[in-house]
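*Asks:* First the structure, which I've put down as structure tokens, then a few questions once you've had a look.
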């Protein structure tokens, strides 16, 4: 390529021959497609072998909650806002959605390209969860899975109700709770920012036994003295609701290596007579024990039912969330998914088979190899160690180190994964044929 015509430029201009060549190796994406979130931590930078930025949460008020690993689905607002970028051997780079608009049929295969309009129909992310996410759900047909990468001892995440829930009662309680939060902000006025209210209230909420006398005096000083009793009453009611909601959900241990398939169990899906959806979930835990997870899901909307008394107030839609959520009890055993060996392929394991995606785990020993059969276009995520990939004909496909991801075009075919470090694991996520 000349200086005037880089690989990226040629591909964007529609160079079919070059696209054919590029489509026989890994398309590695930038590892730092980060998004700040109020619940996010900073362990993700070390995980991705990037220099630490320990002061960032104090400076910005948010940690790096998510890294969009393979994001190329413009019909989804979130994916469109945070597209993945691919860097080529000459140093040039381009946004993956733009590349797929030109070469989807060649890289994804005609069937997948036609079905999704030249977009990749999964939105895998790495999550760094330090505080509670909202209580949320997704539409019918939108399930997800979490592969726990690393966690502080005792970390949990809440998935699925642990008892049958009365929909009318829950919707009324959550709607009322939102009004109570708004009233607290009105009492404080402009004397404290909502972010400062959050800093003062959050640790008190998470301490189940603490009373209003344990709330920092700074909060009470910001309220008119005549309104303090009302403020205390509002906080007491909010705390009761906070724990009532959390206690109604399963607290599943976030143990490294655990795979959680967040989908209505078959008995629930059959009873509902609708395509399976994700169970209610509030990732994270009130103790603030941090964990990293690879999340695999389809692009699509998220409906927040409740934000665990977080300030500033974020958008919620209680009615929409109640419409999509299963309100019947599920057991953790119905959600935690074991790894099963793939017959004839030592070192290859399958965990999730979903109508939208399948997940496999490639675990070569140090300098050992795992043969991966040819399949449709898919994505790879190295969650530990490092690996070298070669094609069935011995050609070099590329390397993946911990925290790196790649789109694997359909033209790659069968390949071999060799472990370059001990305890290497590469997660493979493939869109299901009917997705």
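Here, each number is a calculation from the coordinates, and none is a lab measurement. Not measured: the values here are computed from a predicted model. As a convention, Cβ positions derive from the backbone with ideal geometry for all residues, glycine included, and neighbour counts pool all protein chains shown.
*Asks:* Going 7 Å from the Cα of residue 414 in the Cα-to-Cβ direction, what parts of the stretch 328-345 have a backbone nitrogen less than 19 Å from that spot?
*Replies:* Within reach of a label on residue 414: 342-345.
*Asks:* Tell me which label goes with the value of mean projected area of the Cα convex hull in nm² computed from the coordinates here: (1) 20.9; (2) 25.1; (3) 22.5.
*Replies:* Computing mean projected area of the Cα convex hull in nm² and matching it to (1) 20.9; (2) 25.1; (3) 22.5 gives (3).
*Asks:* Relative contact order (percent) for the chain, with alpha-carbon contacts under 8 angstrom and 6 or more residues of separation?
*Replies:* RCO, the chain: 22 percent.
*Asks:* How large is the helix-only mean residue ellipticity at 222 nm for the chain, computed as the sum of -39500 (n - 2.57) over DSSP H runs with n ≥ 4, divided by its residue count, in deg cm²/dmol to the nearest 500?
*Replies:* -8000 deg cm²/dmol, from helical runs alone.
*Asks:* On a C-alpha basis, how far is the centre of the stretch 151-226 from the centre of the stretch 375-435 in Å? Whole number, if you could?
*Replies:* The distance from the Cα centre of the stretch 151-226 to that of the stretch 375-435 comes to 44 Å.
*Asks:* Please give the peptides 211-223, 402-414 ranked by average Cβ packing (other Cβ atoms within 10 Å per residue), highest first, as a rough proxy for protection.
*Replies:* Averaged packing, sorted descending, gives the order 402-414, 211-223.
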